[in-house]
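Colleague: Okay, here's the structure, questions in a sec.
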Amino acid sequence: MSYKNDNLEELLEYIDPAELAYQDWLGIGMALKDSGYDVAVWEQWSRRDVARYHTGECEKKWRGFNGSDKPVTAGTIVKMALDNGYIPPRKENADKVFDWNDVIGEDYTVTSAEDTQELPISEPEHWNPAAEIRRYLETLFEMSDFVGYVTEVWKDEEDGGKFKPKAGSYSRTAGQLLQELSYYNGDIESVFGTVNPECGAWIRFNPLNGQGVKNDDVTDYRYALVESDSIPVAQQNGIMHDLKLPIAALVFTGGKSLHAIVKVEAGNFKEYRERVEFLYKICDKNGLHVDRNCRNPSRLSRLPGVMRNGRKQFLVETNTGFPSWQEWKEWIESVNDDLPDFEDMTDAWENMPELAPPLIENILRQGHKMLLAGPSKAGKSFALIELAIAIAEGKKWLGWQCAKGKVLYVNLELDKASCLHRVKDVYSALNIPPTNLHNLMIWNLRGQTKPMDKLAPSLIWRAKREGFLAVIIDPIYKVITGDENSADQMAHFCNQFDKVCTALGCAVIYCHHHSKGSQGGKRSMDRASGSGVFARDPDALLDMTELTLTEDIIKQLKNSERCYLCADYLDKYAPDAAKNASPDDMLNSNAAFKLCYDNLPSERYEALKAALSKSDSYVEQLTAWRMEGTLREFPKFPPKNLYFKYPVHEEDKVGVLKDLQADSELTPWQRGAKRGHQKQSESAKAKTADKNAELVNTFNAVNVNGKVTVQEMAEYIGVSEKTVRRRLSASNDFEVENGEVRRTGTK
């Protein structure tokens, strides 16, 4: 079974190669290879064992891992990581409200066996055993609590003859025991019975019901036992103090460990087990590997004030660390919340940190976030592909220079073939040579995506070695987690982009659609659909709104495109005519076309006519857009006006669009007036079309011998020659020379 999708590299952080036997180290390598990882992962991890690491050894062993009937799998790594404190991510919905005792995946690392300040302990010189027991009982118990203790032992021959405690006594209260200690003048054995000096004595740290010593007989789940004998006692003591555990009593066992009686203050057995598990995981993560056999509430601990194998079991201290479980848990979460420390501005004043360099000139810095918002059909996806290409090739995007580097385009909407063709089409339309295709990577996830909080870890894991300058996610509605109108849920969603930025050191760029309905009167940052978090979270918000092209502008664009085509044909096929043409002629499509009519070979002339017809259709399909920005790191830029000339956007460098009002900028009455104007315009178009049709019919009717005059057409229609001339000049289908009328484009 392959575990390729699990983040085994993260689990390796919990395993120290220096602590492993040689065979276990080999097992890690076999498990990584079986799971589809590269030898470099094993190599990098093995370097942590400075004393035993040898260059090339991993590669050599790796080649010998050829599989077996019983392979070492990822489960080996998972088991080792769990044993060393790894806490798997919870599977519940990320939006749930966590319970007090829930573990939500924080690191919780405060110290370690290597980092702690060792705190040695020494046996007390003036030891008063009875006083220690009295202090222990008074600290842990109320006077009416039944206390369990053990002084009698039995020898387990099947376990090497070890002495083990019997069930012991449990029928007296703490008050009775203290009273008897006073009565017998501190004679411990008169109160507790004879103690075997080889074994010492034990006590149960939680109160009982006086009827037994099982978990069911515990009446109050106040304390848990923390014991670890894998490191020296001085280090155990140091870690316990570093963690500020809410310790009620700390006892030296007379052996290799300390017994910390920790306040957990649980309301029932279920809560006790949850809190103890949390406590043990915190200890494990900080190098204090706790004996899991100590987790039962009826567990025996060492009784201070007795001898054990020639050493004293004594009370080190009481009531250290935080006074309660609640205060300790709040602290352990706060010190490990991944938040930076406060900074004194005087420290930074003379040594300011470097600002991240721009990714998009005057718009976005590297490592920051950007949102592109707009309505449907604005070509947002094309704009993002244009941006991806600009970054990959180090070119300008809509006039802004981009830094050159690797970029990942995460395609969530298009099928693979359509996406790849679209990228190639945009490259061609931008007329950019594809010299740095290795800088552009695409992750096609249509039909395979998941919510962003699940996608982000996979993205980070796959991308962390690529060195991306930017990750572009298109579109985000495919990966939204939760209700897009909920501020707190969208804050959680947007935090996933921060995680990607931080983990990969790259910018995250994404697009989102406008909300439904009219955008009139809204600021650019308020048009994106859903919660206002969308607009306020990114470092740069670019918003696109549509401009309605007027008939005059369309006519200008057609004229410009026609002039460009005519000039191109003349340059190629009639260079002398192009050279002698006046600037005025080349700025008027009719004059330029006449030059082509007079100078181009017949076949080139026919090709030009087809190109002009195609150009007119192309212009009629153009849309115009205004891009505005809300920037956190740079000054606000003047609105940028664009044409969307499928499949790319193009700046309006001439300024044709600058005076147009976007639909979003119009008041309701203006939009109503505009609709009325559009109706009038449509009516005018219809009348113009009728008049043009009348001219065509008249021209055909009087065209008997191939020659048509203005006078003949005026007589046929029954209007003046002046009227006919005016109508002919307004039409693109006719031209007049010396009173003779010809159809445009005919010889």
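Colleague: Closer than 14 Å to Ile391 by Cβ, among the hydrophobic types (A, V, I, L, M, F, W, C) and either under 12 Å from the mean Cα position of the chain (by Cα) or at pLDDT 90 or above (or both), is that true of Val471?
Modeller: yes
Colleague: Looking only at the range 18-47, how many residues end up being of a type outside the set (Asp, Glu) and loosely packed, with under 14 Cβ neighbours inside 10 Å?
Modeller: 8
Colleague: Also, quick follow-up: Output the number of the condition that Glu546 fails; it satisfies all remaining conditions of (1) closer than 30 Å to Leu364 by Cβ; (2) of a type outside the set (Ser, Thr, Tyr); (3) out of contact with any Ser or Thr (no Cβ under 9 Å at 6 or more places or on another chain); (4) at pLDDT 90 or above.
Modeller: (3)
Colleague: Here is a follow-up. I'd like the residue in the range 405-430 that is in a loop (DSSP other than H, G, I, E, B) and at pLDDT below 95 and, out of all such residues, is least open to solvent (accessible area, probe 1.4 Å).
Modeller: Here the residue is Leu412.
Colleague: For the range 561-610, which residues satisfy the criterion of being assigned to a helix (DSSP H, G or I) and among the aliphatic types (A, V, I, L, M)?
Modeller: Matches in the range 561-610: Leu565, Ala567, Leu570, Ala577, Ala578, Met586, Ala591, Ala592, Leu595, Ala607, Leu608, Ala610.
Colleague: Please work out which residue is surrounded by the most Cβ atoms within 10 Å (Cβ to Cβ), limiting yourself to the range 280-292 and to residues that are basic (Lys, Arg) and touching a residue at least 24 places away in the same chain (Cβ under 8 Å).
Modeller: So the residue we want is Lys285.
Colleague: Further question: Which condition breaks for Lys594 when tested against (1) open to solvent by less than 40 Å² (accessible area, probe 1.4 Å); (2) farther than 29 Å from Lys377 by Cα?
Modeller: Going through the list (1) open to solvent by less than 40 Å² (accessible area, probe 1.4 Å); (2) farther than 29 Å from Lys377 by Cα, Lys594 breaks only (1).
Colleague: With the requirement that a residue be surrounded by 13 or more Cβ atoms within 10 Å (Cβ to Cβ), in a helix (DSSP H, G or I) and charged (D, E, K, R), what does the range 611-635 give you?
Modeller: Asp616, the sole residue that qualifies.
Colleague: For the range 597-610, how many residues are among the hydroxyl-bearing types (Ser, Thr, Tyr) and surrounded by fewer than 15 Cβ atoms within 10 Å (Cβ to Cβ)?
Modeller: Going through the range 597-610 one residue at a time, the tally reaches 1.
Colleague: When you scan the range 436-450, do you find a residue that is part of a loop (DSSP other than H, G, I, E, B) and in contact with a helix residue (DSSP H, G or I) (Cβ under 7 Å, 6 or more places away or on another chain), even just one?
Modeller: Yes, the range 436-450 has at least one match.
Colleague: So which residues in the range 701-747 are of a type in the set (A, V, I, L, M, F, W, C), open to solvent by less than 70 Å² (accessible area, probe 1.4 Å) and more than 24 Å from Asn559 (Cα to Cα)?
Modeller: Ala701, Val702, Val708, Val710, Met713, Ala714, Ile717, Val719 - these are the residues of the range 701-747 that are of a type in the set (A, V, I, L, M, F, W, C), open to solvent by less than 70 Å² (accessible area, probe 1.4 Å) and more than 24 Å from Asn559 (Cα to Cα).
Colleague: Identify the residue in the range 150-166 that is open to solvent by 80 Å² or more (accessible area, probe 1.4 Å) and among the basic types (Lys, Arg) and, among all such residues, is farthest from Glu198 (Cα to Cα).
Modeller: Lys166
Colleague: Given the criteria in a helix (DSSP H, G or I), open to solvent by 50 Å² or more (accessible area, probe 1.4 Å) and in contact (Cβ under 8 Å) with a residue 24 or more places away in the chain, does Asp453 qualify?
Modeller: So Asp453 does not fit the description; no.
Colleague: Just to check your reading of the model, which residue among Ile385, Ile363, Ile391 is touching a Cys at 6+ places or on another chain (Cβ under 8 Å) and closer than 29 Å to Asn431 by Cα?
Modeller: Ile391
Colleague: Given the criteria among the hydroxyl-bearing types (Ser, Thr, Tyr), at pLDDT below 90 and in a helix (DSSP H, G or I), does Ser458 qualify? Lay out the reasoning, then the answer.
Modeller: Working: among the hydroxyl-bearing types (Ser, Thr, Tyr): yes; at pLDDT below 90: yes; in a helix (DSSP H, G or I): yes.
So Ser458 passes the test.
Colleague: Let me ask something else. Out of Asp584, Asp571, Asp552, I need the residue that is modelled with pLDDT under 90, under 22 Å from Ser613 (Cβ atoms) and open to solvent by 70 Å² or more (accessible area, probe 1.4 Å). Which one? Quick ask: steps written out before the conclusion?
Modeller: Values: Asp584 fails: under 22 Å from Ser613 (Cβ atoms); Asp571 fails: modelled with pLDDT under 90.
Step by step, each of Asp584, Asp571, Asp552 is checked, and only Asp552 is modelled with pLDDT under 90, under 22 Å from Ser613 (Cβ atoms) and open to solvent by 70 Å² or more (accessible area, probe 1.4 Å).
Colleague: Another one. Taking interchain pairs and intrachain pairs at least six residues apart, which have beta carbon atoms under 8 angstrom, with the first residue in the range 310-322 and farther than 19 Å from Ala131 by Cβ and the second surrounded by fewer than 16 Cβ atoms within 10 Å (Cβ to Cβ)?
Modeller: Pairs that qualify, where the first residue is farther than 19 Å from Ala131 by Cβ and the partner is surrounded by fewer than 16 Cβ atoms within 10 Å (Cβ to Cβ), are Gly310/Pro197.
Colleague: Could you figure out which of (1) of a type outside the set (Val, Ile, Thr); (2) surrounded by fewer than 12 Cβ atoms within 10 Å (Cβ to Cβ); (3) at pLDDT below 85 isn't true of Arg90?
Modeller: (2)
Colleague: Now, a different point. Within the range 14-47, count every residue that is under 27 Å from the mean Cα position of the chain (by Cα) and without any contact (Cβ under 8 Å) to a residue 60 or more places away in the chain.
Modeller: Of the residues in the range 14-47, 10 are under 27 Å from the mean Cα position of the chain (by Cα) and without any contact (Cβ under 8 Å) to a residue 60 or more places away in the chain.
The rows are residues; the columns are (1) touching a Cys at 6+ places or on another chain (Cβ under 8 Å); (2) under 19 Å from Leu364 (Cβ atoms); (3) β-branched (Val, Ile, Thr).
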residue	(1), (2), (3)
Leu445	no, no, no
Arg462	no, no, no
Glu466	no, no, no
Thr481	no, no, yes
Asp498	no, yes, no
Cys506	no, yes, no
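The values are calculated or read from the model by the stated rules, or taken from the named source; none is laboratory data. As the structure is a prediction and not an experimental result, all values here were calculated from the model. Neighbour counts are summed over all protein chains in view; Cβ atoms, including those assigned to glycine, are modelled from backbone coordinates with ideal geometry. The accessibility values were calculated without ligands, DNA or RNA, using every heavy atom of the protein model including side chains. Shrake-Rupley method; radii C 1.70, N 1.55, O 1.52, S 1.80 Å.
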